[in-house]
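K.L.:
I am attaching a structure below and will ask some questions about it afterwards.
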Amino acid sequence: MQYKTHMNRLVYSELVKLFLKKRTYLGFGIVLLIVPLIEVAMKLEGGRFLTIAMRGLSKDFLFFGNLFNGWFVAYQIMNSLWFHIPLLISFVAGDQLAGEATAGTYRLILIRPVSRTRIFIAKYITTLIYTILFVFFLAVLSIGLAIILLGRGDLIIILRGVLILPEADVAWRFLIAYLLAAWTMITIASLAFFFSSFVENAIGPIVATMGVLIVFTIISVIPVELFEIPKRYLFTKYIDMWQKMFQDPIQWDHIRTGILFMGTWSLACVLSAWAVFVKKDILS
Amino acid sequence: MTETILQTRQLGKRYGKRWAVKNLNLEVCRGDVFGFLGPNGAGKSTTIRMILSLIKPTEGETEIFGHRLKTYRSEALRRVGGIVEKPDFYQYLSAYKNLEIIGMLSNGVNHKRISEVLDLVGLSDRAGDRVKTYSHGMKQRLGIAQALVSDPELVILDEPTNGLDPQGMKEVRDLIIHLSRDRKKTIILSSHLLNEIEMVANRMAIIHKGELAVQGDVNALLNEGDKCVILQAEPRQKVLSILKRRKKILKGITEKEGKFEVIMDFAFIPELNRSLVGAGVQVKALIPRRSLENLFLSMTENAV
């Protein structure tokens, strides 16, 4: 009970530090700017984007109803989960430990009668809270605003063919897709957190995380025999698992494996970061 | 009987092949203002970082309030507050918020206590301002406040007067004396200035090139051994002949860079001065210097 109270206090102190820092809101600010901009622009374009995407198909198929709707636009925005959202998340997660080293405040917090492990756990929980909040914010803003601007309807997915999901089936798919996206972003945050434990400047973890993401993605998509074995172990193989929610039938096996795989990567990153952090000599 | 509250045994830290601190045995007793003296780069901050568990020793151990730091870290540090090198804070937060966060790491500190320490260091009226707007002196005072916020019994201050103007230095010294005398705190004060230690400490240790040079009671250390007077006077021949005639009060004379180093009891300084002036010697300087001062100055001169 006492441990829990103390832990709550530590997490609260980390949350205070995080949410009173301006850079924490940078990601939220960018999303708040970009999402409405894209959605308003799409509304003004009046479906030209969808028309271009379906150009070859309209000769052979007849489409009924409002396919250019809020769900369609919200789905397009989810594609930012490939690169842009990881960048913004690593911006904060990478600062969690390295930021203390840069500011010299390790000397302030690590001389207290609280174990490094507890401080580490508090920092990681804070990182998870931020990551989940950020993905939740993206979800609510992109879906909510898109539906307000463009209404609802069936969801058309144009990805190696055309799939139309009935409106009744769309909301729960989005919900699970965003939960999977949050799980994926936790892996990205854990990776940034891991790099953050090594260095004494906050830029390094961001660059390293994005570097890993780019290199892993390239290895994952290039059909070269040499990469066949390593690509099985890269988390980027499952970075698209949220997208499987918009397929029919849903590839639950791929999603289940992805959840385990991402979880293993997150755990490995956090345990490695912990091992570095508790043994680290504070020289800054 | 005086209780030992901090003890280091054979404490050492090695970086590569270089020992930053080696075989260090310190003993701090309850109620001490313990001066930890050494030239820059001597290993003071490394030692303090080891005592506060910021860095892990390569060898040896530290015991605080009877708890081994290595195995009972939290218990050992529960009654300790400290400031390590320059005071850094969350610049975007106010002084009050910084202390509140630090308090949370020390089992919680209430509003009254935060206000009390801010008042103690004279920052009450700026408590709500962001730390980034503070001057160096204010940050230094806030550093002392954060060391005191959990009301520790042992306060470790690593060069707390660094970068302060003479008035600021005096204020910090007065605060240390107040904490020791009126609040019964035990204080470890590191410095590279002997006179600073002399003014506030009752016990001291000198560290040089990572090793303990001397440790003990400040007055005893300052008074033991030969005392030396640096004499700068002209003309040289006349000075020499007078000095040779006063052999009874002088234990030794050496000439170095145009100055005479005379080993003698300080009580005879007025008599020596009278003899020199009476003989028409132009006395430019007569500087008493104790053996400890000489030892420390020789270390400082050789320091990196």
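K.L.:
When you scan region A:100-155, how many residues do you find that are closer than 18 Å to A:CYS269 by Cα, among the charged types (D, E, K, R) and more than 11 Å from every other protein chain (Cβ to nearest Cβ)?
P.N.:
Residues meeting the conditions: 1.
K.L.:
Among the residues of region B:20-27, are any surrounded by 18 or more Cβ atoms within 10 Å (Cβ to Cβ), assigned to a strand (DSSP E or B), small (Gly, Ala, Ser) and within 13 Å of chain A (Cβ to nearest Cβ)?
P.N.:
Checking region B:20-27: at least one residue is surrounded by 18 or more Cβ atoms within 10 Å (Cβ to Cβ), assigned to a strand (DSSP E or B), small (Gly, Ala, Ser) and within 13 Å of chain A (Cβ to nearest Cβ).
K.L.:
Still on this structure, please answer the following. Quick one: which of A:ILE148, A:ILE157, A:ILE164, A:ILE132 is on the phi < 0 side of the Ramachandran plot, in a strand (DSSP E or B) and open to solvent by 30 Å² or more (accessible area, probe 1.4 Å)? First the steps, then the outcome.
P.N.:
Numbers: A:ILE148 fails: in a strand (DSSP E or B); A:ILE157 fails: open to solvent by 30 Å² or more (accessible area, probe 1.4 Å); A:ILE132 fails: in a strand (DSSP E or B).
Step by step, each of A:ILE148, A:ILE157, A:ILE164, A:ILE132 is checked, and only A:ILE164 is on the phi < 0 side of the Ramachandran plot, in a strand (DSSP E or B) and open to solvent by 30 Å² or more (accessible area, probe 1.4 Å).
K.L.:
List the helices (runs of 4 or more DSSP H) that sit entirely inside region B:86-166 and contain at least 2 residues that are at pLDDT below 95, under 19 Å from the mean Cα position of the chain (by Cα) and within 27 Å of B:ILE5 (Cα to Cα).
P.N.:
B:136-148
K.L.:
Take the residues in region B:94-119 that are more than 10 Å from chain A (Cβ to nearest Cβ) and basic (Lys, Arg), then tell me which one is surrounded by the most Cβ atoms within 10 Å (Cβ to Cβ).
P.N.:
Of all residues in region B:94-119, those more than 10 Å from chain A (Cβ to nearest Cβ) come to B:95-96, B:99, B:109-119.
If we keep only those that are basic (Lys, Arg) too, we end up with B:112-113.
Numbers: B:LYS112: 7, B:ARG113: 16.
Applying the filter and picking the extreme gives B:ARG113.
K.L.:
Return the residue satisfying two criteria in turn: it lies in region B:196-211 and is farther than 18 Å from B:LYS22 by Cα and not hydrophobic (A, V, I, L, M, F, W, C), and of such residues it is surrounded by the most Cβ atoms within 10 Å (Cβ to Cβ).
P.N.:
My answer is B:ARG203.
K.L.:
Residue by residue through region B:214-268, note down the ones that are under 30 Å from B:LYS22 (Cα atoms) and out of contact with any strand residue (DSSP E or B) (no Cβ under 8 Å at 6 or more places or on another chain). Walk me through it before giving the result.
P.N.:
Initially, region B:214-268 is screened for residues under 30 Å from B:LYS22 (Cα atoms), giving B:214-227.
Result: B:ASN219, B:ALA220, B:GLU224.
K.L.:
Within region B:74-82, is there a residue that is at the interface with another protein chain (Cβ under 10 Å from one of its Cβ atoms), closer than 26 Å to A:LYS21 by Cα and part of a helix (DSSP H, G or I)?
P.N.:
no
K.L.:
Are any of the residues in region B:85-108 more than 30 Å from B:ARG14 (Cα to Cα) and charged (D, E, K, R)?
P.N.:
Yes - at least one qualifying residue is present in region B:85-108.
K.L.:
Just give me the residues in region A:267-283 being aliphatic (A, V, I, L, M), part of a helix (DSSP H, G or I) and surrounded by 18 or more Cβ atoms within 10 Å (Cβ to Cβ), in sequence order. Lay out the reasoning, then the answer.
P.N.:
Within region A:267-283, the subset aliphatic (A, V, I, L, M) is A:267-268, A:270-271, A:273, A:275-276, A:278, A:282-283.
Then keep just the ones that are part of a helix (DSSP H, G or I); that gives A:267-268, A:270-271, A:273, A:275-276, A:278.
Listed by number, the residues that qualify are A:VAL270, A:ALA273.
K.L.:
Moving on. Can we say A:ILE188 is within 30 Å of A:VAL16 (Cα to Cα) and either of a type in the set (Asp, Glu) or within 14 Å of chain B (Cβ to nearest Cβ) (or both)?
P.N.:
Values: within 30 Å of A:VAL16 (Cα to Cα): yes; either of a type in the set (Asp, Glu) or within 14 Å of chain B (Cβ to nearest Cβ) (or both): no.
For A:ILE188, the condition - within 30 Å of A:VAL16 (Cα to Cα) and either of a type in the set (Asp, Glu) or within 14 Å of chain B (Cβ to nearest Cβ) (or both) - is not met.
K.L.:
Return the residues of region B:225-250 that are within 31 Å of the chain's Cα centre (by Cα) and open to solvent by 20 Å² or more (accessible area, probe 1.4 Å); say none if nothing qualifies. Walk me through how you get there before you give the answer.
P.N.:
Within region B:225-250, the subset within 31 Å of the chain's Cα centre (by Cα) is B:225-232.
B:GLY225, B:ASP226, B:LYS227, B:GLN232, listed by residue number.
K.L.:
Also, I was wondering about something else. If you go through region A:35-51 one residue at a time, do you hit one that is in a loop (DSSP other than H, G, I, E, B), surrounded by 14 or more Cβ atoms within 10 Å (Cβ to Cβ), at pLDDT below 90 and not polar (S, T, N, Q)?
P.N.:
Of region A:35-51, the ones in a loop (DSSP other than H, G, I, E, B) are A:46-47.
The next check asks that each one be surrounded by 14 or more Cβ atoms within 10 Å (Cβ to Cβ); those that pass are A:47.
After this cut, where a residue has to be at pLDDT below 90 as well, the list is A:47.
Next, only the ones that are not polar (S, T, N, Q) stay: A:47.
Looking for residues that are in a loop (DSSP other than H, G, I, E, B), surrounded by 14 or more Cβ atoms within 10 Å (Cβ to Cβ), at pLDDT below 90 and not polar (S, T, N, Q), one finds at least one in region A:35-51, hence yes.
K.L.:
Then there's this: Since A:LEU10 meets every condition but one in (1) away from chain B (no Cβ under 14 Å); (2) open to solvent by less than 10 Å² (accessible area, probe 1.4 Å); (3) at pLDDT 80 or above, which condition does it not meet?
P.N.:
Of everything listed in (1) away from chain B (no Cβ under 14 Å); (2) open to solvent by less than 10 Å² (accessible area, probe 1.4 Å); (3) at pLDDT 80 or above, A:LEU10 misses just condition (1).
K.L.:
Select from region B:56-73 the residues that are part of a strand (DSSP E or B) and without any contact (Cβ under 8 Å) to a residue 24 or more places away in the chain and list them in ascending order.
P.N.:
So the first thing to find is which residues in region B:56-73 are part of a strand (DSSP E or B), and the list is B:59-64, B:67-68.
Within region B:56-73, B:HIS67, B:ARG68 qualify.
K.L.:
Go through region B:40-73 and give me each residue that's of a type in the set (Lys, Arg), surrounded by 23 or more Cβ atoms within 10 Å (Cβ to Cβ) and within 10 Å of chain A (Cβ to nearest Cβ). Quick ask: steps written out before the conclusion?
P.N.:
As a first pass, look at region B:40-73 and keep what is of a type in the set (Lys, Arg): B:44, B:49, B:56, B:68, B:70, B:73.
Imposing the further condition that a residue be surrounded by 23 or more Cβ atoms within 10 Å (Cβ to Cβ) reduces the set to B:44, B:49.
The answer is B:ARG49, and nothing else.
K.L.:
List pairs: first in region B:137-150 and away from every other protein chain (no Cβ under 12 Å), second of a type in the set (Lys, Arg) and open to solvent by 30 Å² or more (accessible area, probe 1.4 Å), Cβ under 8 Å, 6+ apart or cross-chain?
P.N.:
B:MET138/B:ARG126
K.L.:
Taking region B:1-19 as the search range and keeping residues that are open to solvent by less than 80 Å² (accessible area, probe 1.4 Å) and of a type in the set (Ser, Thr, Tyr), which one is nearest to B:PHE65 (Cα to Cα)?
P.N.:
B:THR4
K.L.:
Looking at (1) β-branched (Val, Ile, Thr); (2) under 26 Å from B:ASN195 (Cα atoms); (3) open to solvent by 40 Å² or more (accessible area, probe 1.4 Å), which is the one condition that is false for B:THR133?
P.N.:
The failed condition is (2).
K.L.:
Test A:VAL224 against the criterion of being free of Cβ contacts under 8 Å to residues at least 12 places away in the same chain and more than 24 Å from A:ALA171 (Cβ to Cβ), and give yes or no. Spell out how you get there, then give the answer.
P.N.:
Working: free of Cβ contacts under 8 Å to residues at least 12 places away in the same chain: yes; more than 24 Å from A:ALA171 (Cβ to Cβ): yes.
In short, yes.
The values are calculated or read from the model by the stated rules, or taken from the named source; none is laboratory data. Keep in mind that this is a model prediction, so the values were computed, not measured. So basically every Cβ, Gly included, is an ideal-geometry build from the backbone, and we count neighbours across all protein chains shown. Ligands, DNA and RNA are excluded from the accessible area calculation, which covers all protein heavy atoms including side chains. Shrake-Rupley method; radii C 1.70, N 1.55, O 1.52, S 1.80 Å.
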